[in-house]
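What follows is calculated from the coordinates using simple rules that are stated; it is not laboratory data. For clarity, every value in this text was computed on a predicted model and none was experimentally measured. Because the Cβ atoms are built from the backbone with ideal geometry, glycine has one as well, and the counts that use them run over all protein chains shown.
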Amino acid sequence: MSGSFSPVAGARPAMAAAALCATIVFILWNGICGASAQDAASPVFELVKKRAEALAAQDYAEPEAVEQDSLPGSYDSYRKIAFDRERSLWRGSDSGFEVQFMPLGWLFKHEVRIWLIEDGEIKPAHVTAADFIDRRGEDDSHFQSPDTPVPVSGLRINWPLNQPDKPDEVIVFQGASYFRALARGQQYGLSARGLAIGTASPEGEEFPEFREFWIEKPGDHSLGIDIYALLDSPSASGAYHFHVQPGDVTFVDVDSVIYPRREIANVGIAPLTSMFMLGPIDRTRKDDFRPEVHDSDGLAILNGSKERLWRPLSNPRTLQVSAFVDNGNNGFGLIQRERRFERYEDLEARYDLRPSTWVEPLSDFGPGSVMLVEIPTEREIHDNIVAFWRPEQPLMPGTPARFHYRLHWRADSPTREMGPFARTTRAGLTQAETEDEPKHLFVIDYTGQENLAETLKTGELPEAEVTASTGRIENVVVAQNRQSGGLRLTFEFFPDGAKVAELRASLMDLSGEPMEKWLYRWTPEQ
């Protein structure tokens, strides 16, 4: 363990309080008869739950912003400070897991307290200037000395994901309750959050924050690492246990208990946040040399009836909120389905390598809705897509709510492996025979499993059912796409003055099994 994590003389009063708390936790930890932190009855998780419950019984206290001259005040200054890899916590351990920390500064003003769990002991992590490589120029402020305590805003976990002798970033927690993870061969894209409150509401969104983290040192040759977090916000507090297992698919098991301070109806469980600026459904939204610009191109759902749904994303002209009502949801996720580099032509962003994230409920979510929020954006630096689960009943004060789920960071949704799926969607505006009546041509390509190949061998083509909530559907055609080895569905949509229309398309394969159902919301601004 790096010497920089030993207690520092002259630490702030908060660190003194942390040391006292650590002594109490040490007694608790050693009094649980050697229970593992990975057990359902983890003593650390029990501790965090008690802390969250106690917080919820008190009035919310806004965290104090930390302002220090030595902390970077701009993005350019912030990016010049990097954690020294050689000083990573647990560097060289047999498990391969390492921990690094990010300083406060720039947008990150609230200090996050970090606890370390090692050899049955819990103690505070003390981060100093010696842990960072500071490349700021002479005109910028600097840390006063190597032993200067540095307040942190988050943490990252490294592990040899892509090369056996080189630890890579696997998961990062920083900013409110945001975190991002990677599977093998991927680059960072969409984010997950601990909790969403008031998303797209007239009152404005509330952003709960992770205030403290507990990180347990993995055992030798362990395949996973455990992280615990305390969340707080004006409306609720919460306790979280993350078990991270990296690989070809990186799994993050999330066990959360929410303690509401007030009634919360507009709540988002397992929220995912992404970006969609430009895609093949509408090329008029943005003038760009790249054919597509997005971190995710669709919302996939496996509902309580095991029906597979695919909803292509859009960059609308006005805010759009969609609800997919369900009972006992089996999973949902924001997916980057298009993997061909030539569909992006971006050598720097490499959108073809961005991860998809699938939410698999491990506890019964009950009745509710998968919510999709699409926000207009003109710049790809802004996340404008949010998806989450909203329970049918609001969360109530005095009643803890537990949600246990698994996040799959992978290339596509697991539902793709269940049968034929809608690989691409294209659309364009054409002129109808009547000059003042525009029509929209939709083209959907299906590819998939062997049952689709068997359908094509017979020469028989399935019938498609295409409907619109308003307007008209005409000229529905299903044809073989010999270039992809799949099917192509085309149809024309006539708005007939509609301001919004929900479009649906469904096909059956030769065995009578439904293919992935295609859904889309059309608006005239597109």
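Miscellaneous remarks
- Across the range 470-526, the mean sequence separation of Cα contacts (distance under 8 Å, 6 or more residues apart), normalised by length, yields a relative contact order of 29 percent.
- Rg/Rh for the chain stands at 1.00; both radii use Cα atoms, and Rh follows the Kirkwood definition.
- Rounded Å value of the spacing that divides the Cα centres of the range 255-324 and the range 377-448: 5 Å
- Here, the range 36-142 has an Rg and a Dmax of 17.4, 52 Å when only alpha carbons are counted.
- Assigned charges on the beta-carbon of Lys, Arg, Asp, Glu; the chain dipole about Cα centre (debye): 300 debye
- Lysine pairs in the chain with Cα atoms under 19 Å, if 8 or more residues apart or on separate chains: 7
- In a DSSP loop and with at most 11 other Cβ atoms within 10 Å, the trypsin sites (Lys or Arg not before Pro) in the range 282-349 are Lys306, Arg340.
- Positive-end residue of Thr467, Leu507, Gly485, charge dipole of the range 419-522 with Cβ unit charges: Gly485
- Computed on the Cα trace of the range 252-317, the radius of gyration divided by the Kirkwood hydrodynamic radius gives Rg/Rh = 1.10.
- Projecting the Cα atoms of Thr523, Ile117, Pro151 onto the dipole axis of the chain, where Lys and Arg carry +1 and Asp and Glu carry -1 at the beta carbon, places Ile117 farthest toward the positive end.
- Normalised contact order of the range 118-259, rounded percent, pairs of Cα under 8 Å and 6 or more residues apart: 14 percent
- Across q = 0.10, 0.20, 0.23, 0.25 Å⁻¹, the range 419-522 modelled as identical point scatterers on its alpha-carbon atoms has Debye log10 I(q)/I(0) values of -0.29, -0.96, -1.18, -1.34, in the order of the q list.
- Mean separation of Cα pairs under 8 Å and 6 or more residues apart, divided by the residue count, gives the chain a relative contact order of 11 percent.
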